[in-house]
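Data block below; observations after.
The values are calculated or read from the model by the stated rules, or taken from the named source; none is laboratory data. Note that the structure is a prediction, hence the values are computed from the model and not measured. We place every Cβ from the backbone using ideal geometry, glycine too, and count neighbours over all the protein chains shown.
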Amino acid sequence: MEHLRIHLAQSADLPVATALLRAQLDEHAIEAPGLREAVAGLIEHPARGAVLLGTYGETAVGVAVLAYTWTLEHGGLVAWLDELYVAPERRNLGIGRALLDRALSHASAAGCVAMDLEVDDGHARAARLYASAGFQRLPRSRWALRLRDGS
């Protein structure tokens, strides 16, 4: 049996990383105009963040996406875990935890002092994963306003 390999996505990985992320966003009924360009922007500009791709052999099974920001709350560079996704047929095998662990170590090596994320209401499995890794629920909600079309 092949072992899970998690690597920093390169330009050649753009189609498969984008396909996994499209599946993730579709699962949550989230539109993401310009998704391919946004993923490419992270792959091509490592100072913006990272796309970590999990594979078994040649088969992509999961992805974790980090975007970096500077915050006052944490006092420095922070990784935003924008997405963590495992293909449905590969869930409950430890892949999500492996991707999360790699994302945490990657963010730490990049100089991040913290990692933030969000969990959809009712997504108990994801909440348990993050709680088991030491994340704490914050007493606030996230808001957003689109300033322009991303496509």
When every residue in segment 67-88 that is of a type in the set (Asp, Glu) and within 10 Å of the chain's Cα centre (by Cα) is compared, the one farthest from Ala47 (Cα to Cα) is Glu83
Here the residues within segment 41-95 that are aromatic (Phe, Trp, Tyr) and either at pLDDT 95 or above or within 17 Å of Ser105 (Cβ to Cβ) (or both) are Tyr68, Trp70, Trp80, Tyr85
Residues of segment 57-95 being of a type in the set (D, E, K, R) and under 22 Å from Leu129 (Cα atoms), in sequence order, are Asp82, Glu83, Glu89, Arg90, Arg91
Counting only residues in segment 82-122 that are among the basic types (Lys, Arg) and either assigned to a loop (DSSP other than H, G, I, E, B) or touching a residue at least 40 places away in the same chain (Cβ under 8 Å) (or both), the one surrounded by the fewest Cβ atoms within 10 Å (Cβ to Cβ) is identified as Arg91
For segment 14-42, pairs from a residue that is over 17 Å from Ala87 (Cα atoms) to a residue that is among the polar types (S, T, N, Q) and surrounded by 13 or more Cβ atoms within 10 Å (Cβ to Cβ), with Cβ under 7 Å and 6 or more apart or across chains, are Leu35/Thr18; Arg36/Thr18; Val39/Thr18
Taking segment 132-151 and keeping only residues that are closer than 19 Å to Val78 by Cβ and either of a type in the set (A, V, I, L, M, F, W, C) or surrounded by 10 or more Cβ atoms within 10 Å (Cβ to Cβ) (or both), one is left with Ala133, Phe135, Leu138, Trp143, Ala144
Scan segment 44-56 and tell me whether some residue there is over 22 Å from Arg128 (Cα atoms), touching a helix residue (DSSP H, G or I) at 6+ places or on another chain (Cβ under 6 Å), of a type in the set (D, E, K, R) and part of a helix (DSSP H, G or I). no
Residues of segment 15-34 being under 14 Å from the mean Cα position of the chain (by Cα) and either hydroxyl-bearing (Ser, Thr, Tyr) or surrounded by fewer than 17 Cβ atoms within 10 Å (Cβ to Cβ) (or both), in sequence order, are Thr18, Ala19, Arg22, Ala23, Leu25
Note: among Arg146, Arg128, just one is in a helix (DSSP H, G or I), closer than 18 Å to His28 by Cβ and without any contact (Cβ under 8 Å) to a residue 12 or more places away in the chain, namely Arg128
For segment 65-81 the number of residues that are touching a residue at least 40 places away in the same chain (Cβ under 8 Å), surrounded by 14 or more Cβ atoms within 10 Å (Cβ to Cβ), in a strand (DSSP E or B) and not aromatic (Phe, Trp, Tyr) is 2
